[in-house]
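Notes follow the structure.
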Amino acid sequence: MERERDTDTSRRGPDEVVLRVEDLHKRYGREEVLKGVSFEVRRGETKVIVGPSGTGKSTLLRCITRLTEPDRGRIWLGDVEVTGRGVDLNRVRASVGFVFQDFNLFTHLTALDNVRIGLLKVKKLPKDEATEIARKQLEHVGLAHKADAYPAELSGGQQQRVAIARALAMEPKLILFDEPTSALDPELTGEVLDVMVALAKEGMTMVVVSHEIGFARAAADELIFMEGGVIVEQGPPDQLFRQPKYPRTAEFLRKITALYGETG
Amino acid sequence: MDKIELGGLVFDPAWLPKLGQGLVVTLEITGLCIALGIVLGLILAVLRVYGRGPLYWLSSLYVQFFRGTPLLVQLLMVYYGLPSWGIVLSPFVSGVIALGLNTAAYQAEYFRGAIQSIPRGQMLAARSMGMTRAQAIRYVILPQALRLVIPPWSNELILMLKYSSIVYMVTVIDLMGAARTIAARTFRYFEVFILVALIYLALVFLLSWLLRRLEERVRVPGLGMERGAPH
Ligand SMILES: Nc1ncnc2c1ncn2[C@@H]1O[C@H](COP(=O)(O)OP(=O)(O)OP(=O)(O)O)[C@@H](O)[C@H]1O
Ligand SMILES: [Mg+2]
């Protein structure tokens, strides 16, 4: 898989835009949750989104593959316009991984079956091929020995790693993470963040909503600070921490640094 | 064989073949109407949870109608009413259809409750990997909902076993019907109905035991369904 991605990069160039979001708007009733959000993610980049609760971070991630229908704005994944007419949404979604705060593993399936089900039912791979890929991805997240365990038999950290393997198995162009460690006990966040840092290093393209400052510093190419439905400021993490343009950014980053500490 | 005397009551082994035939009919009717109820009930439940427009309204109307009118009225409508539209059904088939349509409405409500108790994140995760809604229902939601539904559904099965005796009203000779004929001929009402009650009781015990085994068998390891386990 690594080799495949490398050749891809050389063919399409490292600057290839994987995701482009343009002027995204979303309203729930009278509340405008997203008020014109635009950003781009290039191949191999990791972007970390931070911002206060209720700012629309989860809504933004769900709008990207139209799990939530945006009201206005355009989204491209590579050269496919997700917001375009007649787009095959299930195909789009199959190419974008989604990792949730509360894991959302399918409770009636073993770890192996959780990782395999998308390959079997969505990609329609033959069973032995799907099994092979699923085992490889479980190994990738260090859980080969838990293949036959059910979610309820796994710790939160292990469940989230299975969820990451489930996303990886589909060979996504992009993985979206929505606060992947905030439902975990502090002593379990490390094992999940380690997997994510490794993924970033391997060249996976990721958009991560997370307040884990340590992770942002270690893996993010860019930090995006969102508040009140807009992107207030974005840039390399170091720059945002050292010389933020806006006092709100400085204030918020100080607050989460105090809460989550420097080491994620 | 000789009659058996027990505390002033007289039981005649000659009743047994007829009761046996009635028992077979009772089991057939219960089995068939439950099967019809499962299929129809699942469809209704899925429509009531995920359906929109006319599909939603029609399925809701169906459930309201069959839960809101007496089973006996439904049975008599099928048996005496349908012929006026040119549909003539045998008493047995009328019984199966009326009971099946009725239990479908109740089963639909149990299925619906179970489906709605599956956390929303399950559907979200399934759709996020590119499953269609139908795939998500089939491979993610229903397998979990059906496990949850077994205990309430067991009650419905046991109720139907007992309610199926209502087919006597359209001249089907089930266990209850056989008992009435024997009693009417021998005047041993008390003895015959004690016997019938014991047979129903044994069936209910057997069914409950089978269903508990089924529940145990499909239980997902690690999920808090173990009996007496602290939560
Ligand atoms: N399905 C929905 N229906 C109505 N309102 C919603 C819905 N989903 C989100 N909202 C509202 O939209 C706003 C943004 O929610 P969102 O979950 O995107 O915020 P967030 O930035 O992810 O917050 P958090 O950090 O708490 O996860 C909130 O005010 C929320 O109440
Ligand atoms: Mg959120």
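A short reminder: the numbers here are calculations on the coordinates, not readings from a lab. None of the values given here were measured: they were computed from a predicted structure. Every residue, glycine among them, receives a Cβ derived from its backbone with ideal geometry; neighbour counts consider all protein chains shown.
Some observations on this one:
- The residue B:132 and residue A:127 beta-carbon pair, evaluated with R₀ = 25 Å, returns a calculated FRET efficiency of approximately 0.80.
- Neighbouring Cβ atoms from other chains, within 10 Å of the Cβ of residues in B:211-222, number 2 on average.
- Using the average count of surrounding beta-carbon atoms within 10 Å as a protection proxy, the listed peptides B:16-27, B:103-114 rank, highest first, as B:103-114, B:16-27.
- Bridge type composition, chain A - antiparallel percent by DSSP, nearest 5: 55 percent
- With kT/(6 pi eta Rh) evaluated at 37 °C and eta = 0.692 mPa s, and Rh the Kirkwood radius from Cα pairs, region B:4-218 diffuses with a coefficient of 170 µm²/s according to Stokes-Einstein.
- Cβ crowding within 10 Å averaged over residues, with B:127-139, A:154-166, B:85-97, A:83-95 ranked highest first: A:154-166, B:127-139, B:85-97, A:83-95
- Bridge type composition, the protein assembly as shown - antiparallel percent by DSSP, nearest 5: 60 percent
- 28 Å Cα-Cα reach of residue A:146 towards lysines, excluding residues that sit fewer than 8 places from it in its own chain: A:121, A:123, A:124, A:127, A:136, A:173, A:201
- Shielding by partners, peptide A:103-112 (average Cβ within 10 angstrom, other chains): 6
- Partners of residue B:3 within straight-line reach, counting lysines whose Cα lies under 22 Å from its Cα and excluding those fewer than 8 residues away in the same chain: B:18.
- Distance from region B:1-68 to region B:156-190 (C-alpha centre basis), Å: 13 Å
- Cβ neighbours within 10 Å from other chains - mean over A:165-178: 1
- Mean Kyte hydropathy of 0.5 or more with a Cα span along the axis of at least 24 Å, helices from DSSP in chain A: A:186-202
- Taking B:39, B:196 and counting other C-beta atoms within 10 Å, the order from fewest to most: B:39, B:196
- Region A:78-94 residues near the modelled residue A:22 label - backbone nitrogen below 17 Å, point 7 Å along Cα→Cβ: A:78-87
- Reported to the nearest whole Å, the Cα centre-to-centre distance from region A:86-130 to region A:150-175 is 10.
- Of the peptides A:202-215, B:210-223, the ranking by mean beta-carbon count within 10 Å, highest at the top, reads A:202-215, B:210-223.
- Annotation for residue B:61 and residue B:80: the two label points, set 7 Å from Cα along the Cα-Cβ direction, are 2.6 nm apart.
- Computed over chain A, relative contact order equals 24 percent, with contacts defined as Cα pairs under 8 Å that lie 6+ residues apart.
- Karplus 3J(HN,Hα) series, Hz, for region B:65-79 with 6.51 cos²θ - 1.76 cosθ + 1.60 (x for Gly, Pro): 4, 6, 8, x, 10, x, 4, 4, 4, 4, 5, 5, 5, 5, 7
- Relative contact order, whole percent, for region B:4-218 stands at 28, derived from Cα pairs under 8 Å and 6 or more residues apart.
- Note on residue A:242 and residue B:16: the model spin-label points, each 7 Å out from Cα along the C-beta direction, lie 9.6 nm apart.
- For chain A, taking the reciprocal of the average inverse distance between every pair of different Cα atoms yields a Kirkwood hydrodynamic radius of 18.9 Å.
- Rounded to the nearest 500, the 222 nm mean residue ellipticity of chain B from helices alone is -23500 deg cm²/dmol, with -39,500 (n - 2.57) taken per DSSP H run of at least 4 residues.
- Taking only the alpha carbons of the protein assembly as shown, we obtain Rg and Dmax values of 30.5, 104 Å in that order.
- Shown is the FRET efficiency for residue A:30 and residue A:72, computed with R0 = 22 Å from the Cβ-Cβ distance and rounded to the nearest 0.05: 0.85.
- Rounded FRET efficiency, nearest 0.05, which uses the C-beta distance separating residue B:216 from residue B:189 and R0 of 45 Å: 0.65
- Among A:231, A:96, A:84 the positive-end extreme of the charge dipole of chain A (Cβ point charges): A:84
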